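The values are calculated or read from the model by the stated rules, or taken from the named source; none is laboratory data. None of the values given here were measured: they were computed from a predicted structure. Neighbour counts run over all protein chains shown; Cβ positions are idealised from the backbone, glycine included. Note: areas computed on protein heavy atoms with side chains; ligands, DNA, RNA excluded. Shrake-Rupley method; radii C 1.70, N 1.55, O 1.52, S 1.80 Å.
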Amino acid sequence: MDLNTVVEVRDARDRGAWQTGDAWLGGGTYLFSEPQPHLRRLIDLSRTGWEPLRITTGGDLEIAATCTIAELSEYPKPAGWRAAPLFQQCCRAFLASWKIWNMATFGGNLCNSLPAGPMISLSAGLDGVALLLDQDGGRRRVPVADFVLGAGRNVLRRGELLRSVTLPARALAARTAFRQASLYGLGRSGVLLIGAVDPFDGTLTLTITASTVRPIQLRFPVPPNAEAVREAVENAVEPHEYFDDIHGLPAWRRHLTFRYAQEIRRELTQTQEAGR
Ligand SMILES: Cc1cc2nc3c(=O)[nH]c(=O)nc-3n(C[C@H](O)[C@H](O)[C@H](O)COP(=O)(O)OP(=O)(O)OC[C@H]3O[C@@H](n4cnc5c(N)ncnc54)[C@H](O)[C@@H]3O)c2cc1C
């Protein structure tokens, strides 16, 4: 769609001072999908030249904000990454057309902060940490699980840029389980839960997304029984935090959240016991 209040598209490498009405432009798949009457300038990130995906010397994976869903999906995952299947599972959890697949960016998905943001699910589920840059060159790091505050709301301050997300080597080596539901085939996620078992201390982490307005993370240092998981979910999610929109009623999302939490518990704790 034409954004007829936008008077300039500027290269992010030469952006000048941040002005009221500015917005970072990632792939533009959200920005160009509906009217944005408050916007005057788009600050285009596409020519930053940031390496989309990079393994650090410590074995962590750094994902640039400008990395597309297609690049993330195609990236060859090293054999030691037991969490590798999650990448494809989350990339496929998009309501994705060809345009979204090839244009939408990892960072744009996080910054859009929709409950159904599958890159939020992936990076929160794998203990990702976001690197944020402010207009004065200051940096801060925020766990992705704390980055999203509510539907369409996040911790970004005026003019702040999401530069990258780092997934720790330890999380990439975790055994994982994935459950997702949509009201219709290839639809937007109504519920998306990820379980991950720490390869060193066996802690089970359960990350609830899509059914809730923000990611909610639960950690179980010892393998939990059904009651412990039920109680933890009950205590962690306030009734008003189950998201309500056209993609699913809160009662349906709540029901599947409890069900998938138990399925993941069984899948990951039974194999843990068998492996001892
Ligand atoms: C048909 C269709 C289906 C969709 N399905 C889904 C879906 O299933 N799940 C979902 O979550 N979304 C969905 N979307 C919304 C959107 O396409 C995605 O959220 C996408 O990932 C946004 O990425 P982008 O790079 O295109 O972001 P953009 O449209 O470029 O930007 C989105 C927002 O993030 C800000 N932004 C972008 N990059 C940065 C950065 N690095 N730092 C700070 N701010 C930044 C922008 O200013 C803007 O506010 C869908 C959209 C359409 C049109």
### Projected-area mean, segment 184-276, by convex hull of Cα positions, square nanometres
6.3
### Query
Out of residues 5 or more away from LEU149 or on other chains, whose amide H comes under 5 Å of its own, with H placed 1.01 Å from N in the peptide plane?
ASN154, VAL155
### Message
Less than 12 Å from a label point 7 Å out along the Cα-to-Cβ axis of ARG158: which backbone N atoms in segment 2-23 qualify, by residue?
### Response
18-22
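Considering only DSSP beta bridges whose two residues both sit in segment 1-146, what percent are antiparallel, to the nearest 5?
Numbers: 9 of 17 bridges.
In segment 1-146, DSSP labels about 55 percent of beta bridges as antiparallel.
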### Task
Once you have the Cα-Cα distance between VAL222 and ARG82, take 0.36 nm times their residue separation minus that, and quote the gain in nm to one decimal.
48.4 nm
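What accessible area per residue, rounded to a whole number of Å², is obtained for segment 53-170 using a probe radius of 1.4 Å?
Numbers: 4950 Å² over 118 residues.
Value for segment 53-170: 42 Å² per residue.
For segment 48-105, just say rounded, prolate or oblate: build the C-alpha gyration tensor, square-root its eigenvalues into a ≥ b ≥ c, call rounded for a/c under 1.5, and beyond that prolate if a/b exceeds b/c, oblate if not.
Values: a/c = 2.88, a/b = 1.28, b/c = 2.25.
It comes out oblate by the Cα gyration axes.
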### Message
Could you tell me what a quarter of the Cα convex hull surface of segment 53-170 works out to, in nm² with one decimal place?
### Response
7.2
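Dividing the alpha-carbon Rg of the chain by 2.2 N^0.38 Å yields what? Could you put the intermediate results ahead of the total?
Details: Rg = 18.8 Å, N = 276, 2.2 N^0.38 = 18.6 Å.
Scaled against compact globular proteins, the figure is 1.01.
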### Query
Can you give the extra length, in nm with one decimal, that the chain gains between ILE246 and VAL7 once fully stretched, where that is 0.36 nm per residue apart less the Cα-Cα distance?
82.7 nm
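Compute the Rg to Rh ratio over segment 107-195 from the alpha carbon atoms, using the Kirkwood formula for Rh, and round to two decimal places. Spell out each step's value before the answer.
Numbers: Rg = 13.9 Å, Rh = 13.9 Å.
Ratio of gyration radius to Kirkwood radius: 1.01.
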### Query
Based on the Cβ-Cβ distance from GLU51 to LEU186, what FRET efficiency comes out when R0 is 35 Å, to the nearest 0.05?
0.70
### Distance between segment 68-105 and segment 141-183 - C-alpha centres, whole angstrom
15
### Query
What list of ³J(HN,Hα) values in whole Hz, one per residue of segment 152-158 in order, does the Karplus curve 6.51 cos²θ - 1.76 cosθ + 1.60 (θ = phi - 60°) give from phi, with Gly and Pro shown as x?
x, 10, 8, 7, 4, 9, 3
### Query
How many angstrom lie between the C-alpha centres of segment 211-276 and segment 184-206?
9
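Using a 1.4 Å probe, what is the accessible area per residue for segment 172-274, in Å²?
Values: 4700 Å² over 103 residues.
Averaged over the residues of segment 172-274, the accessible area is 46 Å².
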### Task
Evaluate the distance, in nm, between pseudo-label points positioned 7 Å from the Cα of THR20 and of GLU263 along their respective Cα→Cβ axes.
4.9
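Which whole-number percent is the relative contact order of segment 172-274 (Cα, under 8 Å, 6+ apart)? Walk me through the numbers on the way to the answer.
Values: 175 pairs, mean separation 27.8, N = 103.
Normalised by residue count, the contact order of segment 172-274 is 27 percent.
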### Query
Hey, any idea what % of the chain's accessible area is carbon plus sulfur with a 1.4 Å probe?
52
